[in-house]
Amino acid sequence: MNEYRNVKSLMVVSLAIVGISLSACGGGEGPPQPPPPAPPEYADKHMPDGYWNNPEILEEGKAIFTGIQNIDVNCASCHGKNGKPVKAGARDFRRTEQMQLYSDAVWFWRVNEGVKGTKMKPWKSKLSEDEIWKVIAYESTFGLKGQEWDVKYTKWVPQGTAGTAPVAEAPAASEAPAGEAPGSEAPAGEAPASEAPAAEASSESAQ
């Protein structure tokens, strides 16, 4: 009987270790979790016009992402060359349902300042703002290809349609209680021009 209990306990511990390992590697992230909103100093940071899905910008972003442009900056060493993490805790950029929770401002904030308590360090000392936007434009192609962030309606939309979506289609992109319009200062009936809560409080990023 004691031997049976010992074997059973060993199996439980083994399964727990496997589960933790999968979670850490991004293979078992669970349901998408919205990230914290960008702090005020980043809330109005947005992708420069013409950068989303621009072949020239994407090529430059790829050179940064893969460490070709600067050997001190190699996002692919953690996030993988195709967006699939190669190190535990790194954000999986291919996971569309998770990445849709990031606004461009939150994404920029994460890359610029890093994520405390994780291996995602701040890159503002190594990259200019323009370079960060270029690498974000490239990273977005893994799970949000052909889309762009709509600042007016605070959501991802097909390329070229930003600012044209009907108000009724705008998602609740705030933490306002149910029944209230998102954005405390938005006039009734209008979609807020505020930041959507974005994410990743995982041990990784945008890590």
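No lab work stands behind these numbers, since they all come straight from the coordinates. This one's a predicted model, so the numbers in the text were calculated from it and none came from an experiment. Note: ideal-geometry Cβ built from the backbone for every residue, glycine included; neighbour counts use all protein chains shown.
If you go through the range 130-153 one residue at a time, how many are without any contact (Cβ under 8 Å) to a residue 40 or more places away in the chain and part of a helix (DSSP H, G or I)? The total comes to 1. Please go through the range 60-90 and pick out each residue that is in a loop (DSSP other than H, G, I, E, B), of a type in the set (D, E, K, R) and in contact with a Phe, Trp or Tyr (Cβ under 9 Å, 6 or more places away or on another chain). Across the range 60-90, the qualifying residues are K81, K84. What about A38, is it assigned to a loop (DSSP other than H, G, I, E, B), buried (at least 16 other Cβ atoms within 10 Å of the Cβ) and out of contact with any strand residue (DSSP E or B) (no Cβ under 8 Å at 6 or more places or on another chain)? The answer is yes for A38. Each residue in the range 91-122 was checked for being under 14 Å from K45 (Cβ atoms) and either not in a helix (DSSP H, G or I) or not aliphatic (A, V, I, L, M) (or both), and 9 pass. Scanning the range 41-58 for residues being exposed (fewer than 12 other Cβ atoms within 10 Å of the Cβ), under 17 Å from F108 (Cβ atoms) and among the charged types (D, E, K, R) gives a total of 2.
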